[in-house]
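Structure first, commentary second.
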Amino acid sequence: MSNTEFPDEELRREQEFIDGLYARVDALRGDTEVSVTDALAQGNTPMQARLERDILVAERSGLLAALNAVDGSLCFGRIDLSSGATHHIGRIGLRADDAERTPVLIDWRADVARPFYLATGHTPMGLRRRRHISTEGRRVTALHDEILDLDDETRTGHEDPTGDAVLLAALDSARTGRMGDIVRTIQADQDRIIRAPHRGVMVVEGGPGTGKTAVALHRAAYLLYEHRELLARRAVLIVGPNPAFLGYIGEVLPSLGETGVLLATVGELFPGVRATRTDTPEAAAVKGRADMADVLAEVVRSRQALPDPVITVEHDREVLMLDDGLVNVARERTRAAKLPHNAAREHFEGHILNTLTDLYAERIGTDPFDGSSLLDPSDLTQIRDELAENPEVWSAIDQLWPRITPQRLVADFLAEPEGFLSDEDAAAVRRPVTRHWTVSDVPLLDEAAELLGEDDRLVRERAERERRTQIAYAQGVLDVSYASRTYEFEDKEEDDPEASEVLSAHDIIDAERFAERHEEEDHRSAAERAAADRTWAFGHIIVDEAQELSPMAWRLLMRRSPTRSMTLVGDPAQTSEAGGVGSWADILTPYVEDRWEHTRLGVNYRTPAEIMDVAAAVVRAEHPDFEPPGSVRSTGVRPWARATDDLPGAVAKAVGELTPAEGRLAVIAPRALHHALAARLDGVTAGAEPDLTHGVVLLDPRQAKGLEFDSVLVVEPGRYGTSDLYVALTRATQRLGVLHTEPLPKALADALA
């Protein structure tokens, strides 16, 4: 009988196939967990057990993460080729246990899976049929077949005439407060970006709802698959605009089986500092300017001081005077080496010691009759060595060329910026010395670290101290071993005279070699090591909301990408940060000139046409030639606006009306109103990082960047700039409301009329 008489037979077959896949996954998961557990029980010494544990955990963590994330939809598609072959497509690849290791499930990133995303009736790419498999957990709930070979008359009863059912279902589904992957619904234009070569800079521009963030994340997953060896070693960095956004996207890559990625805001890219505070717009604009690099360089030079008027050093009852002329010679010779400040200090020390040696030699070693030197080179060396033991010499050097940390340099500069900035700019950035950093401070700290460098001698001294500590520990282990052996064989010698001749570890290895042999390796992942290393060079960097970054922030990122392998996603129309560059050419020309590729996503998958029309009207009032992305769907629900005299009460009432049974609602309001609004909203706290998994969240427009919600309530839009208002209006996937006590912007009022 034909399949059309038994349409559910297809469902049964797919269910059996997926049941088999999950049985395989469960076996893999169990084997992996058991192997790690067994390893923890092995090992003859605590040091060896710890080493084996760390190695296995590092090796297995990625696989475990992938297996634990596949319960959502391990297999989501199938392609039937004209040749008769069939391939199932899923989140990860799985192979059979036969000798040929036959692929059972094709990883979505493999070349053979690409027709699943690109094939059309006009260009079928060798396919007869494409099947989307919908699941809930491990249960198959629906099949959606697309006929790509119109000459094939076979039908399954699950044909989707439009081919859009799965995409539209995903767009209409309730939001969870976490971004989901789009691996089941990647569109052709998105696929081309995801699989583009990883070298060079690619700019992905797209308006709200075009999926540019999801594309960037799937591109990261694809690059990690395609260039596993390189990127597993160097890691991928994803930079987002704020911690809430990073939490929102944090589950996408693990769901695709990838964990070798560092997600961070700019405020987290200086090890030891986690900046979450924000500056005033005026301060952020000043700190973000490109010329701040020159300002900080001048600040560093100002710390390379001259005496005022002299510095005296007493040595062996002689008073030696360092005046500004002598010190300036040492300073200029040191600067000529073109080394960072702290790294150059060793050169400055040498010049000062030589200068003091010459001064002292003139005092005690000059013939009073002919002025000739009475000292030979060995005498001068001895004098120099003695001066190097004089604390007054080092006190003078510390005054003239101090060791400086980036934190101290930037803190002192911001406390007293006069002399380096104009009066207006100095007033904008001035603040008391504090341990609390703002996001705009972090690029300054990074620039300062470049200018200051590190004194290699201090690094070597730390390493030597650590080595001595390890040797002391190893000696203790050997001593315990020797004492134990001595005690054991004292009782045996009477019965077995040869027992004392058995060699112990103490007899064949010394403490230094034992310490070297058991020196702990660094078993952190590449992403973990990168997070702790300011000088790390990433294999690829992805920047979301890239238009918001300041020139100084771009200097920081470019240092971390010497190969200039980057994917930048953003929308200049949404630029709101005072220090944001906005123009892609302005961002990239200083670093790569014209060697970058630009592509644009023009389809809005998130925002219904009714909402997008209102948002576009607001921007067009300021930029008449503005062209928004086209929405793929319409809900028939018009946005609304209400004036009120009781804003908190009206917001609380509207939240009750709009909150969906499933999904999320965002109240987007100016920060100054948050405390008053939160007091009327259950479970909502003002001032804290929002929990996006909560049913109702309170945000300001900039916190809402990159996020999406089922319903959005925009409060007092008259207080927003155009870009912030555009962002706020385009966060909703279903419903949008506006509440205000102040007059609406004219363009918004006209669009909502």
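Computed values, structure above
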read-out	value
Those residues of segment 95-135 whose amide nitrogen sits under 19 Å from the label point placed on Ser82, 7 Å along Cα→Cβ	112-131
Theoretical gain in end-to-end length, Thr563 to Thr141 [0.36 nm per residue, Cα-Cα removed]	147.3 nm
Modelled label reach - Leu306, point 7 Å along Cα→Cβ, segment 417-453 residues with backbone N closer than 20 Å	419-420
Estimated distance in nm for a label pair at Ala537 and Arg595, the labels positioned 7 Å out from Cα along Cα-to-Cβ	1.4 nm
Accessible surface ranking that places the most exposed of Ser576, Ser302 first, with a 1.4 angstrom probe	Ser302, Ser576
Distance-filtered residues of segment 322-356 - backbone nitrogen under 19 Å, label point 7 angstrom along Arg408 Cα→Cβ	340-350
Cα-centred dipole magnitude for segment 290-452, charges only on beta-carbon of K, R (+1) and D, E (-1), debye, nearest 20	520 debye
Inter-label distance, nm, simple model (7 Å from Cα along the C-beta direction), Ala174/Trp394	6.7 nm
Heavy-atom accessible surface of segment 519-664: percent carbon and sulfur, 1.4 Å	47 percent
Cβ-derived FRET efficiency at R0 22 Å, Thr276 paired with His623, nearest 0.05	0.10
Extension gain from Thr693 to Ala337, taking 0.36 nm per residue of separation minus the Cα-Cα distance	122.6 nm
Spin-label model distance (nm) - Arg363 vs Thr154, 7 Å beyond Cα toward Cβ	10.1 nm
Candidate lysines - alpha carbon under 26 Å from Lys287, same-chain residues fewer than 8 apart omitted	Lys338, Lys705
Centre separation in Å (Cα based) which lies between segment 328-407 and segment 266-307	33 Å
Where only alpha carbons of segment 552-637 are counted, the Rg and the Dmax (Å)	16.4, 50
Solvent-accessible area of His623 with every protein chain in place, 1.4 Å probe, in Å² to the nearest 10	90 Å²
Nearest-10 value in Å² for the accessible area of Ser550, using the 1.4 Å probe	20 Å²
Added length on full extension, which subtracts the Cα-Cα distance from 0.36 nm per residue, Arg435 to Leu752	109.4 nm
Rounded to whole Å, sorted largest first: equivalent-ellipsoid semi-axes of segment 609-752, Cα gyration tensor	23, 17, 14
Accessible area per residue in Å² at 1.4 Å probe, computed on segment 548-612	35 Å²
Percent antiparallel among DSSP beta bridges (both partners in segment 290-452, rounded to 5)	90 percent
Accessible surface, 1.4 Å probe, highest first, among residues Val637, Val619	Val637, Val619
Mean accessible surface per residue for segment 626-732, computed with a 1.4 Å probe while every protein chain stays in place, in Å²	40 Å²
Residue among Ser395, Pro377, Leu322 farthest towards the positive dipole end of segment 290-452, charges placed on Cβ	Ser395
Distance from segment 635-689 to segment 206-252 (C-alpha centre basis), Å	31 Å
Accessible-area value, Glu622, 1.4 Å probe, nucleic acids and ligands omitted, Å²	110 Å²
Charged-residue dipole, Cβ positions (Lys, Arg, Asp, Glu), segment 609-752 about Cα centre, Debye nearest 20	60 debye
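The values are calculated or read from the model by the stated rules, or taken from the named source; none is laboratory data. These numbers come from a predicted model, not from an experiment. When we count neighbours, we look across all protein chains shown, and the Cβ atoms used for this are built from the backbone with ideal geometry, even at glycine. Surface areas here come from the heavy atoms of the whole protein model, side chains and all, with no ligands, DNA or RNA. Shrake-Rupley method; radii C 1.70, N 1.55, O 1.52, S 1.80 Å.
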